Structures are given as C-alpha cells and as structure tokens.
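A.B. asks: Quick one: the structure is below, and I'll ask about it shortly.
The values are calculated or read from the model by the stated rules, or taken from the named source; none is laboratory data. Predicted model, so just to flag it, every value in this text is computed and none were measured. Every residue, glycine as well, gets a Cβ built from its backbone with ideal geometry; the counts of neighbours run over all protein chains shown.
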Amino acid sequence: MAFDVEKVRAEFPILGREVHGKPLIYLDSAASAQKPRAVIDAMTRAMEHSYANVHRGLHTLANETTDAYEAARRKVAAFINAGEHEVVFTKGGTEAVNLVAAGLGASLKSGDEIVISEMEHHANIVPWHFLRERLGVVLKWVRVTDDGALDLEHFQSLLGPKTKLVALSHMSNVLGTINDAKALARMAHEAGALVLFGGCQAIVHKPVDVKDLDADFYVFSGHKLYGPTGIGILYGKAEELAKLPPYQGAAR
Ligand SMILES: Cc1ncc(COP(=O)(O)O)c(C=O)c1O
C-alpha cells in the first residue's frame, strides 16, 4: 500500500500550523517526536476525566488513574515482549540509565570494567563516568569503523573477566547505525557481563523483543515514541531488577 503522507500528517494537529508562512515540516523526530491526536486526546481525557495520584489513593479517581497507569505498563510490556513486572516507568531515557548505574554502582568496585562505545549518546556515557569518578570503575570504548559500524573485533578484545557491564546503543542517534544487539548480548554474556541497550532510537524504527535480544536492561524514552515528555522506560530482567537496591525514597 502506498504511504499516504497527507493521511499521516492529518494525525498530527501541530502539522496544521504554518511556520514562516509555510506549512510546518518537522524533521527533528529523533530528538523529540510531535504528538498524534490519539496521544493528545488520551492525555486530555486523563486530565479532564479521572486525574488523581497513582497508587496513593482508594477513591474512584485514584483507582481509575492507577488502572490506566498499570494498563499502560502492560501495553509497554507487550510492545517489547517483557513481563509487566519488568517494566519500570522513569522520567526519561536518561533517568533509566542513571537508575541502572546507581543500582549497579552499589556492587561495583575499583578496577571493574564497563564497556561502552564511541557512538553513544551522552545519556549512555555520563552515568558511567560518574561511576568511574566515584568508584574507580574503568571505562573501555569500542571503536567505530570508518563506515560507522561498531568494530566487533575490538569489542571482543575489550571483554574480559573484569567486564561487569556492556552498555551500547541499539541504534545510533548520530549515525543511524543499527547494531546487531543479539550478537552483542551473546558476546557480553559469554564474558560474564551484563548488557544494557540504549534503545531510544531503535524502539521507534524496528520491532524490539527484549527476550529474543537477551538484554538484561533496555531503556527508551516516551517523547521520541510519540508519547508525552517526562516518561521513560527501563526494562530489566526480573532477576536483575531484584538485585538493584532502591533508587529513591518515595512518599506513598
Ligand atoms: C540515543 C539516546 N539515548 C538517550 C536519550 C535521552 O533520552 P531522554 O530525553 O528521554 O532522557 C536520547 C535523547 O536524545 C537519545 O537519542
């Protein structure tokens, strides 16, 4: 079936406006996507119809809001083939990586190694730098080849008994490179390391099955996936999430 541009544009109310006297053409979706009518309507309905605290009240609105929140969690879980208890809502992709870094940091020590790559987004670099500064963890960087791929031989050479975590982009926000996440996870696991994928870009462009990839952690954000800003997803294997200490104290 032919791609009907006008039909797709019509889903996005903002594309009805003009900028500099011309119809808006928006090409910055990798940074943040515009919102389709279905998302705007769902958010408006939530605010107008049944807004309350989630998991913190027993009245009708609180129950409806909590049900909607948990239904969203089940939807996300089904979207990536995860168990619903393996989906953690965060404030964004950046916070999801920070949550894992804070949690793993509790069990890492000086000299332990984390492998990242030269094609990572800052969100998948800075949290690991903090561990380096705080704990003396060593960061190892996988090289990127001249044609924009991960250098797999170099990756293999960086893996060893001290590697505790491999944190790599599934799809690069700079190069568009799609990494073979399944192969990368296999290599990381053979070295005894956990693997985290930054999925902010891949989740928009391809089906993601976290079980098939055998990812220990997989993170992405809502606002690049046509959802509201201020939402991120951390997928973690149930047994790996269970090992993480509490990230924040909370009012309940
Ligand atoms: C690859 C990648 N990782 C992480 C992030 C950060 O996500 P968030 O804005 O949800 O914190 C972005 C957003 O620019 C991204 O493109």
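A.B. asks: Output yes when any residue across the range 61-72 is part of a helix (DSSP H, G or I), touching a residue at least 60 places away in the same chain (Cβ under 8 Å) and either closer than 28 Å to Lys7 by Cα or more than 16 Å from the ligand (Cβ to nearest atom) (or both), and no when none is. Give the steps one after another, and end with the answer.
C.D. replies: Let us first name the residues in the range 61-72 that are part of a helix (DSSP H, G or I), namely 61-72.
Adding the requirement that they be touching a residue at least 60 places away in the same chain (Cβ under 8 Å) leaves none.
No: zero hits.
A.B. asks: Scan the range 113-147 residue by residue and report those that are among the acidic types (Asp, Glu) and surrounded by fewer than 18 Cβ atoms within 10 Å (Cβ to Cβ). Talk me through it step by step, then tell me what you get.
C.D. replies: Step one: of the range 113-147, the residues among the acidic types (Asp, Glu) are 113, 118, 120, 133, 146-147.
Residues satisfying the conditions are Glu118, Glu133, Asp146, Asp147.
A.B. asks: Would you check which residues across the range 183-200 are in a helix (DSSP H, G or I), under 19 Å from Glu118 (Cα atoms) and not small (Gly, Ala, Ser) and list them?
C.D. replies: Scanning the range 183-200 gives Leu184, Met187.
A.B. asks: Can you confirm whether Thr145 is of a type in the set (Ser, Thr, Tyr) and within 16 Å of the ligand (Cβ to nearest atom)? Step through it out loud before you land on a result.
C.D. replies: Values: of a type in the set (Ser, Thr, Tyr): yes; within 16 Å of the ligand (Cβ to nearest atom): no.
For Thr145, the condition - of a type in the set (Ser, Thr, Tyr) and within 16 Å of the ligand (Cβ to nearest atom) - is not met.
A.B. asks: Could you count how many residues in the range 152-200 are more than 30 Å from Ala33 (Cβ to Cβ) and of a type in the set (Val, Ile, Thr)?
C.D. replies: Total satisfying the criteria: 1.
A.B. asks: Same structure, new question: Are any residues in the range 6-23 in contact with a Lys or Arg (Cβ under 9 Å, 6 or more places away or on another chain) and either modelled with pLDDT under 95 or assigned to a strand (DSSP E or B) (or both), and if so, which ones?
C.D. replies: Taking the range 6-23 and keeping what is in contact with a Lys or Arg (Cβ under 9 Å, 6 or more places away or on another chain), we get 10-16, 23.
Within the range 6-23, just Pro23 meets the criteria.
A.B. asks: Which of (1) farther than 25 Å from Pro246 by Cβ; (2) more than 16 Å from the ligand (Cβ to nearest atom) does Asp28 not meet, given it meets every other one?
C.D. replies: Here Asp28 meets the rest and fails (2).
A.B. asks: What are the pairs with Cβ atoms under 7 angstrom where one residue, in the range 118-129, is closer than 17 Å to Leu158 by Cα and in a loop (DSSP other than H, G, I, E, B) and the other, located anywhere, is at pLDDT 95 or above and within 10 Å of the ligand (Cβ to nearest atom)? Sequence gap at least six, or different chains.
C.D. replies: As it stands, the answer is Met119/Ser169; Met119/Ser172; Glu120/Ser169; Glu120/Gly198, since those pairs meet every condition given.
A.B. asks: Report the residue count in the range 56-71 for those that are closer than 16 Å to Val87 by Cα and not charged (D, E, K, R). Before you say what the answer is, go through the steps one by one.
C.D. replies: Taking the range 56-71 and keeping what is closer than 16 Å to Val87 by Cα, we get 66-71.
Remaining after also requiring not charged (D, E, K, R): 66, 68-69, 71.
Looking only at that region, the number is 4.
A.B. asks: What number of residues within the range 81-113 are touching a residue at least 60 places away in the same chain (Cβ under 8 Å), within 16 Å of the ligand (Cβ to nearest atom) and either more than 13 Å from the chain's Cα centre (by Cα) or not in a helix (DSSP H, G or I) (or both)? Write out each step before concluding.
C.D. replies: At the first step, the residues of the range 81-113 found to be touching a residue at least 60 places away in the same chain (Cβ under 8 Å) are 81-83, 85-97, 99-100, 102-104, 106-107.
Remaining after also requiring within 16 Å of the ligand (Cβ to nearest atom): 87-97, 99-100, 102.
Those left that are additionally either more than 13 Å from the chain's Cα centre (by Cα) or not in a helix (DSSP H, G or I) (or both): 87-92, 102.
Final tally of qualifying residues: 7.
A.B. asks: Now for a different question. What number goes with the only condition from (1) farther than 26 Å from Phe197 by Cβ; (2) touching a residue at least 60 places away in the same chain (Cβ under 8 Å); (3) assigned to a helix (DSSP H, G or I) that Val39 does not pass?
C.D. replies: The one condition Val39 does not meet is (1).
A.B. asks: Looking only at residues in the range 148-182 that are assigned to a loop (DSSP other than H, G, I, E, B) and touching a helix residue (DSSP H, G or I) at 6+ places or on another chain (Cβ under 8 Å), which one is surrounded by the fewest Cβ atoms within 10 Å (Cβ to Cβ)?
C.D. replies: So the first thing to find is which residues in the range 148-182 are assigned to a loop (DSSP other than H, G, I, E, B), and the list is 148-149, 151, 159-162, 170, 172-177, 179-180.
Retained after the next criterion (residues that are touching a helix residue (DSSP H, G or I) at 6+ places or on another chain (Cβ under 8 Å)): 159, 170.
Details: Leu159: 19, His170: 25.
Step by step, filter the range 148-182, then rank; the result is Leu159.
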